[in-house]
Amino acid sequence: MRYSCLFFLLLLFSNVIVAQSSMDSIQRLDEIVLSDIKLKHYANGYKLKVLNDSILKKNNVSLTDVLRFNTNIYFKENGYGMVSSPSFRGTNASQTAVIWNGININSQLNGQVDFNTVSSSNYSNIAIRSGGGSVQYGSGAIGGTVHLSNQLDFSEHFENKVQLGLGSFNTKNVTYNSTFGNGSWSGNFGIAFLDSDNDYKFLGTDRRNENGAFNNLDVNLNLGYIVSDRDVLKLYHQNFRSNREFSSTLLAPSNSKYESEDYRSMLEWTRIGSNFTSSLKAVHLLEQFKFFENKDLDNFSKGKANTWLIKYHYKHHFSNNLILSAISDYSYITSVGNSFSNPRRNAFSATVILDHRPFEKLQYTLSLRKDIISDFESPIVFSGDLSYNVSKSYTLKFNASKNFRVPTFNDLYWTPGGNLELEPEDSFQFDLGHELKFKTVAFRLNTFYIETSDLIQWRPNNNTGYWSPVNIANAKHYGLEFELDVTKKINEDHSLFLSTLYSYTETEDVEKQQRLFYVPLHKANMSLSYSYKVFSAFYQHLYNGEVDIIGNTLKGFDIGNLGVSYKLNSNAKTNYTVDFRINNVYNTYYENVALRPMPNRNFNIRLTLKF
């Protein structure tokens with residue numbers, strides 16, 4: 001209760017400040033179309049990569065595929081379409097935060113997001129911010145953050161898009177997206193359905209991927225209304241439902257099934273004045289699952305977590321070059337399940353951010369955050385970043401931060417095996433970046449270092465015979481990331497785009513003096529696109545180096561995807577686009593997780609209708 005009182009006192013004080021501030025009747029829609037304002041304004045010293053629509057449509061079935069081929073993130077995937085866990089700069093899945101329209105949506109149960117339960121087709125853009133972000137986004141933002149954003153466009157428009165796809169393994173994909181605006185109202189609606197037998201061959205054997213069928217349904221609805229020349233109301237809602245059989249491995253059969261549902265709703269009120277912006281968000285997040293050991297029986301285990309969140313953000317412009325922000329939020333979390341009693345958590349946080357540009361070439365940000373959580377102590381965290389324009393083409397960037405991860409409900413309360421003595425993970429990181437931008441070429445080079453103490457790992461307990469989470473000593477991560485983008489236009493009809501990425505990641509479990517499992521030392525991506533009037537083609541290539549696993553190593557692999565596209569009736573209001581793609585064009589055998597083969601060569605054809 002004391003956290004609630006503290007929150008509302010701070011909220012009242014902030015509103016008093018707002019009431020005393022001078023205001024002009026100015027609409028600044030450039031700041032309110034995107035809900036995640038912190039991503040836009042407080043990332044000057046960070047590496048930020050935004051995936052636009054042209055990139056998303058090449059891999060629009062799952063978020064895993066989008067990020068695997070277009071970022072440095074490595075994914076552990078238990079067979080195609082199964083549980084997909086990211087490794088961002090060598091960190092584990094619960095140390096990568098997923099941010100939905102400014103809100104951290106990592107599971108309260110296991111601390112991570114399964115990237116195969118997120119459809120990329122219903123978002124305006126997807127951004128990847130490398131480096132620690134616990135000050136702005138809370139628990140888990142240690143290796144980096146993935147941002148899913150829905151943009152609201154209030155300009156006069158009404159657009160619709162329908163996609164129908166068919167592919168190998170009896171895969172069917174249907175999506176519909178609609179967006180409108182009339183000056184006062186804005187909205188977008190999206191629905192995506194994916195269904196697959198997923199019974200691909202295991203190359204080199206006479207077996208297929210057994211018990212691997214899945215289907216997903218994702219629904220998004222987002223609305224905005226300009227109440228006055230200073231006030232905007234926005235509503236965001238998402239519902240994702242997944243029904244997956246869990247694939248067998250090369251050694252063990254499976255007959256299990258997993259059903260999950262996620263509901264996310266947020267109401268946001270934004271007020272804009274001449275020298276301030278304030279926003280108040282009310283959020284509800286629901287996650288629930290059922291696990292069937294035998295899909296043919298009606299016996300299952302289940303779990304559910306509810307999160308209610310209130311978040312207030314006040315940003316004051318003392319001048320064009322000096323901005324001070326205060327952010328406070330209060331959350332109340334409950335859960336229930338077969339493997340734990342009914343744990344609850346109250347959490348309050350207060351954050352202060354200073355953004356300053358002392359002169360034209362230099363901009364820096366300083367941030368401080370304190371969390372007060374009901375079931376254990378949480379550290380004070382801080383961050384600082386700067387961006388310096390050495391020349392018109394060369395920018396030097398640096399950021400450093402202290403970050404944390406809170407033990408999840410599974411870590412603390414799982415029966416049997418939970419550990420109530422766990423401490424939060426404590427991490428420090430820094431990143432030095434170089435950016436060169438010319439007319440047709442963009443180059444990035446980043447070096448990073450991450451050190452985590454009290455790392456939480458589940459290990460066998462010799463006394464109880466169960467697996468239990470424990471705080472181990474330290475883990476270290478360091479390496480470099482390289483990106484090169486080249487854009488070339490040949491008159492008005494021809495265009496070429498080349499994107500290459502490479503990452504070198506060293507990791508160490510300090511206690512055992514060995515590399516961490518499932519972190520490739522080398523990972524490289526390449527994407528080449530060509531377009532001529534209504535025709536376009538692309539080729540994607542992924543090299544994934546070998547990774548260490550328990551008692552062995554998993555071989556590296558090269559895979560490539562090839563696609564062509566042709567637009568019909570392109571000058572009319574209604575147009576059609578036909579896409580054809582070949583995945584794993586070289587028919588390569590590869591595994592992201594030991595004993596779980598990924599698909600052989602497969603095909604997909606898609607028709608897109610825009611009107």
> What does the charge dipole of the stretch 302-361 about its Cα centre add up to, to the nearest 20 debye, if the Cβ of each Lys and Arg holds +1 and the Cβ of each Asp and Glu holds -1?
Replying inline: 300
> Under 5 Å between amide H atoms, partner at least 5 residues away or on a different chain: which partners does PHE246 have, H built in plane at 1.01 Å?
Replying inline: SER256, LYS257, TYR258
>> For the chain, what does the relative contact order come out to in percent, with C-alpha contacts under 8 Å and a separation of six or more?
In response: 11
> Out of residues 5 or more away from ASN600 or on other chains, whose amide H comes under 5 Å of its own, with H placed 1.01 Å from N in the peptide plane?
Replying inline: LYS201
> Around SER178, what is the net charge, scoring Lys/Arg as +1 and Asp/Glu as -1 over all other residues with Cβ under 12 Å from its Cβ?
Replying inline: +1
> Toward the positive end of the charge dipole of the chain, about the Cα centre and with charges on Cβ (Lys, Arg +1; Asp, Glu -1), which of SER134, VAL227, THR553 goes farthest?
Replying inline: VAL227
> Roughly how many Å is it from the Cα centre of the stretch 219-249 to that of the stretch 136-173, as a whole number?
Replying inline: 10
>> Could you tell me what a quarter of the Cα convex hull surface of the stretch 176-230 works out to, in nm² with one decimal place?
In response: 6.0
>> Under 23 Å between alpha carbons, and skipping anything fewer than 8 positions from LYS392 in its own chain: which lysines qualify?
In response: LYS40, LYS47, LYS49, LYS361, LYS437, LYS439, LYS488, LYS489
>> Nothing charged except the Cβ atoms of Lys and Arg (+1) and of Asp and Glu (-1): what's the magnitude of the dipole of the chain about its Cα centre? Round to the nearest 20 debye.
In response: 1100
>> No solvent, one uniform scatterer per C-alpha: report log10 I(q)/I(0) for the stretch 242-319 via the Debye equation at q = 0.17, 0.20, 0.28 1/Å, two decimals.
In response: -0.76, -0.90, -1.18
> Out of the stretch 133-238, which trypsin sites (Lys or Arg not before Pro) are coil in DSSP terms and have no more than 12 other C-beta atoms within 10 Å?
Replying inline: ARG207
> What per residue convex hull volume, in Å³, do the alpha-carbon atoms of the stretch 419-495 yield?
Replying inline: 154
> If Lys and Arg each add +1 and Asp and Glu each add -1, what is the summed charge of the other residues whose beta carbon sits under 10 Å from the beta carbon of ILE99?
Replying inline: +1
> By the scheme Lys and Arg +1, Asp and Glu -1, what is the net charge of all other residues having a beta-carbon under 10 Å from that of PHE214?
Replying inline: -1
> Out of PHE409, ILE472, SER565, whose Cα points farthest toward the positive end of the dipole of the chain (charges: +1 Lys, Arg; -1 Asp, Glu; placed on Cβ)?
Replying inline: SER565
>> A 22 angstrom limit on the alpha carbon distance is what I want to check against. Which of LYS281/LYS610; LYS58/LYS610; LYS311/LYS476; LYS234/LYS397; LYS172/LYS555; LYS161/LYS311 exceed it?
In response: LYS281/LYS610; LYS311/LYS476; LYS234/LYS397; LYS172/LYS555; LYS161/LYS311
> What is the spin-label model distance, in nm, from LEU609 to LEU436 if the labels are put 7 Å beyond Cα along the C-beta direction?
Replying inline: 4.9
>> Using the crude model of +1 on Lys and Arg Cβ and -1 on Asp and Glu Cβ, and no other charge, please compute the dipole size for the stretch 234-274 relative to its Cα centre, in debye to 20.
In response: 180
> Rounded to the nearest 5, what % of the DSSP beta bridges within the stretch 73-152 are antiparallel ones?
Replying inline: 70
> If you work out Rg/Rh (Cα atoms, Kirkwood Rh) from the coordinates, which of (1) 1.06; (2) 0.95; (3) 0.98 do you get?
Replying inline: (2)
> Among SER387, LEU528, GLY212, which residue has its Cα positioned farthest towards the positive end of the charge dipole of the chain, with +1 placed on the Cβ of Lys and Arg, -1 on the Cβ of Asp and Glu, and the dipole taken about the Cα centre?
Replying inline: LEU528
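Just so you know, all these numbers are worked out from the coordinates, no wet-lab data involved. What you are looking at is a predicted structure, and each value in this text was computed from that prediction instead of being measured. Reconstructed Cβ throughout: ideal geometry from the backbone, glycine too, with neighbour counts over all protein chains shown.
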